[in-house]
1. Compute the helix-to-body angle for 418-438: its Cα long axis versus the longest principal axis of the chain, expressed 0 to 90° and rounded to tens.
2. Using a Förster distance of 35 Å, how high is the FRET efficiency between Thr171 and Ala523, based on the Cβ-Cβ distance and rounded to 0.05?
3. In terms of modelled amide H atoms, which long-range or inter-chain residues lie less than 5 Å from the amide H of Met465?
4. If you take the square roots of the eigenvalues of the alpha-carbon gyration tensor of the range 394-523 and sort them as a ≥ b ≥ c, do you get rounded (a/c under 1.5), prolate (a/b over b/c) or oblate?
5. Give the percent of DSSP beta bridges with both residues in the range 312-428 that are antiparallel, rounded to the nearest 5.
6. Could you derive backbone 3J(HN,Hα) for the range 113-118 from the dihedral phi with the Karplus parameters 6.51, -1.76 and 1.60 (θ = phi - 60°), listing whole Hz in sequence and x where the residue is Gly or Pro?
7. Antiparallel DSSP bridges in the chain: what percent, to the nearest 5?
8. For the chain, take the longest principal axis of its alpha carbons; what is the angle in degrees between that and the long axis of helix 147-160, to the nearest 10 within 0 to 90?
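Every number in this text was worked out from the coordinates using simple rules, so none of it is lab data. Computed from a prediction, not measured in an experiment: that's the story for all the values here. Neighbour counts run over all protein chains shown; Cβ positions are idealised from the backbone, glycine included.
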Amino acid sequence: MLIFFSVAGLSQKLKKSDQLILTNLETHIHYLADDKLEGRRAGTPGEELAMDYISDQFKQIGLRPKGTEGYYQAFNINEGKQINTGTHFSINDKELTLNDDYFPFVYSPNGSIEALPAISVQEAGMPWFINLKDAIDDNANNPHFDLREYVHQQAADLKKKGATALIFYNTSSKEDALKFDGKDKAESTSIPVIYVSKAAANKYFKDASASLDIKLKVDIGEKKRVGHNVIGYIDNSAPTCVVIGGHFDHLGYGEDGNSMLRTGEHLIHNGADDNASGTAAVIELARLLKNSKLNKSNYLFIAFSGEELGLFGSKYFVDNPTVSLASINYMINMDMVGRLNDSTKVLIVGGYGTSPEWSLLINTKAKKSPFVIKVDSSGTGPSDHTSFYRKDIPVLFFFTGLHADYHKPTDDADKINYTGELTIVDYIYSLIEKENKENHKLAFQKTRETQSTSSTRFSVTLGIMPDYSFAGTGVRVDGVSDGRPAQKAGLQPGDVIVQLGDHHVTSLENYMEALGSFKKGDATVVKFKRGAENKEAPIQF
């Protein structure tokens with residue numbers, strides 16, 4: 001009741017227009033952060049409910065649809081590979097159960113084999129049976145032995161000796177932890193490679209002298225889901241355009257491994273601050289600008305999806321824009337603007353260095369400012385403004401800071417500082433208003449680079465921005481930091497890193513594992529592909 005009367009008392013002091021914005025912010029955030037949206041994970045029914053809500057708001061405001069299908073712009077989210085239902089494996093006409101008795105490795109090619117091989121005879125033109133026991137036992141004390149890489153390499157080596165397929169199993173007392181990993185981006189092998197469980201091996205491979213009638217079909221396909229950006233437009237027939245955006249997706253139940261909840265519970269992550277708050281601000285700025293006389297620019301409003309997976313939606317937009325990128329004057333991004341601290345009043349403004357004119361518009365020393373403004377010059381970071389900065393577009397990033405509920409199920413609508421967010425919306429509108437009076441294209445300037453993720457820390461970095469949407473083998477470089485090892489080694493955006501020292505790089509995950517093995521001062525070699533050309537260069541961390 002005390003909270004109710006204090007908010008009610010404050011709202012009585014607000015202008016009628018601000019009271020409306022305050023009410024709307026609460027309505028938007030409560031809807032988007034409701035349990036029925038199940039955390040708004042990109043490519044799910046929860047995302048679809050959020051999309052429909054945002055597009056309906058855009059329609060009510062009077063924004064023109066500016067997606068590729070009305071307000072929507074669809075993009076694929078590659079989740080790796082999956083075992084399709086066509087896969088089967090039988091021994092002596094006994095059908096084995098997928099995943100329980102066997103599985104194909106993700107890099108196996110699709111195809112069928114029927115043969116009558118002997119378990120103990122490795123005959124050219126036949127499938128070969130490989131017991132991993134010796135390799136596991138012999139390397140029990142070898143910290144550098146990678147069983148997954150060993151299995152993959154065997155496929156190349158034994159194919160040359162005449163094997164038409166490899167059937168691995170393990171009779172060692174040591175567990176091998178091998179499994180089908182749909183996100184493993186190792187290069188495809190030219191022959192099928194499957195693994196048979198210990199129980200099935202004991203049943204079928206006990207007599208090493210036996211010949212087995214095997215019928216194998218491998219059917220592995222792409223695993224994808226579809227995310228959507230929601231895009232609305234105010235066309236003032238102006239030569240330039242201002243982009244105002246924020247991501248609306250969140251973590252769902254934490255299925256993608258990005259939750260900070262460590263208990264393993266299957267709980268909804270509602271993402272009220274991250275980033276229903278920014279989405280609500282985008283909607284209300286659209287309403288304000290639609291009703292304004294600020295007509296010296298066109299305005300594009302984008303609610304991005306796939307941000308939590310690695311800026312998928314914003315990267316897709318800048319690669320497939322629905323307005324000319326050359327016409328975009330600047331981009332404003334709002335991510336987590338719902339937790340303004342009433343005591344410190346700190347508002348973090350990133351991208352301050354991406355145009356020399358931001359320092360003229362943003363007065364960090366203003367005595368009557370509702371905030372203590374802390375600026376960060378960098379145009380990059382773990383949010384969607386980075387994608388626009390990469391296209392040489394000035395950006396601003398608004399953020400009220402991390403908190404204990406970040407990426408947890410406790411980030412709920414009742415913890416939002418709605419009046420604080422109202423002041424942020426008003427402040428951003430005032431900046432747009434100031435820039436509208438100047439009415440000219442802002443100059444762009446490069447800034448230092450920052451890490452694109454805050455969850456992992458290494459003693460060294462290569463100094464690249466990885467392309468999180470890359471579905472191929474290796475890690476594709478999206479950006480290179482000035483003065484860092486990657487730049488000194490000559491790496492360029494578009495290069496694909498395939499090896500770091502002795503570590504083969506097939507995915508972002510094992511790239512990070514490789515980085516973790518180096519310390520400052522270490523020297524090694526990076527191998528990468530530039531188009532069809534294989535290259536390598538020395539680097540020192």
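1. Once rounded, one gets 70 degrees.
2. Details: r = 42 Å, r/R0 = 1.19.
Given R0 = 35 Å and the Cβ-Cβ separation, E is 0.25.
3. Asp478, Gly479, Val480, Ser481
4. Working: a/c = 2.77, a/b = 1.60, b/c = 1.74.
Here the range 394-523 falls in the oblate category.
5. Details: 3 of 12 bridges.
The antiparallel proportion sits near 25 percent.
6. Residue by residue, the range 113-118 yields 9, 10, 7, 10, x, 8 Hz.
7. Numbers: 55 of 86 bridges.
Antiparallel: roughly 65 percent of the beta bridges in the chain.
8. 50
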